């Protein structure tokens with residue numbers, strides 16, 4: 001299990017580095033002749049924008065699902081071990097899940113605004 005977590009951490013760091021590097025590569029002229037550049041109004045540019053927004057929305061939703069699942073799992077396990085604190089654990093679980101869901105909606109709206117703007 002620790003290897004899987006380590007693998008996902010390394011993958012997340014690599015993906016973040018790719019996102020940071022893509023901003024550096026996306027210079028105004030891009031090193032290409034003007035006739036070879038992909039403009040946002042061209043069909044290829046629209047596809048890239050839509051693909052980026054869709055993959056971003058998918059990653060946001062996958063992360064939120066994983067986080068809320070972990071919260072629920074840990075809460076049920078702790079309630080099973082100590083039933084007398086079940087009410088406190090359930091309250092903390094609902095607050096944490098609501099915070100994650102709020103951040104998820106924010107990320108999803110940012111991805112969707114990328115499509116419509």
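The values are calculated or read from the model by the stated rules, or taken from the named source; none is laboratory data. If you're wondering where the values come from, they're calculated on a predicted model, not measured in any experiment. Every residue, glycine as well, gets a Cβ built from its backbone with ideal geometry; the counts of neighbours run over all protein chains shown.
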Do we have residue 28 as modelled with pLDDT of 80 or more and surrounded by fewer than 10 Cβ atoms within 10 Å (Cβ to Cβ) here? no
Across the stretch 62-117, what is the total count of residues that are within 26 Å of residue 52 (Cα to Cα) and either more than 17 Å from the chain's Cα centre (by Cα) or not in a helix (DSSP H, G or I) (or both)? 2
List pairs: first in the stretch 51-70 and at negative phi and in contact (Cβ under 8 Å) with a residue 60 or more places away in the chain, second buried (at least 17 other Cβ atoms within 10 Å of the Cβ) and in a helix (DSSP H, G or I), Cβ under 9 Å, 6+ apart or cross-chain? 52/111; 53/111
